[in-house]
Ligand code: F0G
């Protein structure tokens, strides 16, 4: 493909289409009001551009749909499982493959077997469900990302890297309490920032030195490998597939939410080099997920995944894929809309605190932006700020460290003209941002507040008092 052109070429033709739901401003305002200004509660027919997540939202290929039609739905020993097992084996090099219905089921199984109360599990950054699955056991999930990874303005090419000095110190100090060491590729926290091969190898060497099994959270392994090829010295002549394979070689195994770089709508797995934990994992799998040759999935899901893993590694696809977030990220930056730099693989994060300085954190600038993007453009995005992570301590509001809005891009779903259309809308929004109003929380559930909280446009003076009144610990 011609890299110097301005246009992204989507490396696919479209065989099957879905309508975009186009609504009037009034209709969107009604959807918003009915949903209590929480986009999780807006039905998808009300959404025009759904950037809530890149997880499970992939458009599958004709080859995947074709493979699904010939699936063998046998309860035990299905031919589709053999195909899936061979595909995972070929991509990762791992011998033992355990299917699960999605990533968090893999996490619960593996941590359930290995992690004990009081243990510590280091990583660059743990994803929310990874952290929750470690913490519910009574162990600690420890983030050791490099300082640049916490700085939205830093343009470090591998902001997902783990701090190797800190990791070495940490392993030395806590060796007896570390059942496994991890790395998340790409690092979802902070927007899909890549981890360099050098850093992965460095982390692997430290884990090996302290005899700690090394497990990758590999759900965006193909995007990570493409970043390594594009950005790391000495890698530009390598095939992305061989880079991905070498990354897997450094570790003892991986957990994978296949809803990302598996290019499927549901699915996941654990894959391991050695047999040590496999019998126990398979026994536990039968208890909660299903027989080891389907693990909570239909055989047709295994078929789609066996094809999807290779499609995710296709070089033209990956070039297009990384171009999408870059195009939107650069487009927003040109409009003066601050984002976490540089754009990652699957998402762009807008810094709502910097963009809307007139809205104080107690009035949720991230959520205010999420609401405004929907109201004006029909975009569904996700707040990662004080709605998600803010809390009350001694009746005082404690905001999150950052007020971000994530636009996560489904794979092979939207085209460049959709993004151009939206950038025109963003241009207007940037000019009229003063009109954007803060929000007041009117309902707060006891946990995982962002999914079901309700809001209304803020009344400036009442907001601090109202927050305390509806804080989780007060509400029940
Ligand atoms: N690990 C990472 C790095 C993830 O991003 C996710 C999911 C999971 C594990 C869990 O996988 O959803 O299949 O159970 N991330 C989605 C997101 C939900 O929107 O970023 P799952």
Out of everything in region 397-408 that is assigned to a strand (DSSP E or B) and touching a residue at least 24 places away in the same chain (Cβ under 8 Å), what residue ends up being farthest from residue 342 (Cα to Cα)? 397
Of all residues in region 428-451, which are in a helix (DSSP H, G or I), surrounded by 13 or more Cβ atoms within 10 Å (Cβ to Cβ) and at pLDDT 95 or above? 429, 430, 433
Out of the residues in region 5-56 meeting the condition of being assigned to a helix (DSSP H, G or I) and within 16 Å of the ligand (Cβ to nearest atom), tell me which one is surrounded by the fewest Cβ atoms within 10 Å (Cβ to Cβ). 44
Set 366, 345: member being without any contact (Cβ under 8 Å) to a residue 40 or more places away in the chain, surrounded by 24 or more Cβ atoms within 10 Å (Cβ to Cβ) and either closer than 30 Å to residue 429 by Cβ or more than 16 Å from the ligand (Cβ to nearest atom) (or both): 366
Output the residue which, of all residues in region 322-341 that are in contact (Cβ under 8 Å) with a residue 60 or more places away in the chain and out of contact with any strand residue (DSSP E or B) (no Cβ under 8 Å at 6 or more places or on another chain), is nearest to residue 403 (Cα to Cα). 341
Unmet requirement for residue 319, which otherwise passes all of (1) closer than 19 Å to residue 51 by Cβ; (2) surrounded by fewer than 22 Cβ atoms within 10 Å (Cβ to Cβ): (1)
Filter result for residue 305 (within 16 Å of the ligand (Cβ to nearest atom) and either over 17 Å from the mean Cα position of the chain (by Cα) or free of Cβ contacts under 8 Å to residues at least 60 places away in the same chain (or both)): yes
In region 112-124, how many are buried (at least 24 other Cβ atoms within 10 Å of the Cβ) and either within 12 Å of the ligand (Cβ to nearest atom) or part of a helix (DSSP H, G or I) (or both)? 2
Select from region 72-98 the residues that are closer than 20 Å to residue 180 by Cα and crowded, with 20+ Cβ neighbours inside 10 Å and write down the one among them that is farthest from the ligand (Cβ to nearest atom). 96
All but one of (1) surrounded by 17 or more Cβ atoms within 10 Å (Cβ to Cβ); (2) under 30 Å from residue 235 (Cα atoms) hold for residue 147; which doesn't? (1)
Do we have residue 138 as under 15 Å from residue 178 (Cα atoms), more than 9 Å from the ligand (Cβ to nearest atom) and touching a residue at least 40 places away in the same chain (Cβ under 8 Å) here? no
Residue 68: assigned to a helix (DSSP H, G or I) and within 24 Å of residue 255 (Cα to Cα), yes or no? yes
Out of (1) under 27 Å from residue 71 (Cβ atoms); (2) surrounded by fewer than 20 Cβ atoms within 10 Å (Cβ to Cβ), what's the single condition that is false for residue 234? (1)
Here is a check on your reading of the model: is residue 91 under 30 Å from residue 163 (Cβ atoms) and not in a helix (DSSP H, G or I)? no
In region 149-166, residues that are free of Cβ contacts under 8 Å to residues at least 12 places away in the same chain and outside any loop (DSSP other than H, G, I, E, B) total 1
Being assigned to a helix (DSSP H, G or I), crowded, with 24+ Cβ neighbours inside 10 Å and modelled with pLDDT of 95 or more is true for just one of 297, 305. Which residue is that? 305
Region 381-417: number of residues that are surrounded by fewer than 17 Cβ atoms within 10 Å (Cβ to Cβ), over 20 Å from residue 47 (Cα atoms) and either at pLDDT 90 or above or not assigned by TED's automatic domain parsing to the domain that holds residue 444 (or both): 1
Yes or no: region 373-393 includes at least one residue that is touching a strand residue (DSSP E or B) at 6+ places or on another chain (Cβ under 6 Å), part of a helix (DSSP H, G or I) and closer than 30 Å to residue 319 by Cβ. yes
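The values are calculated or read from the model by the stated rules, or taken from the named source; none is laboratory data. As the structure is a prediction and not an experimental result, all values here were calculated from the model. With ideal geometry, Cβ positions are generated from the backbone for all residues, glycine too; neighbour counts draw on all protein chains shown.
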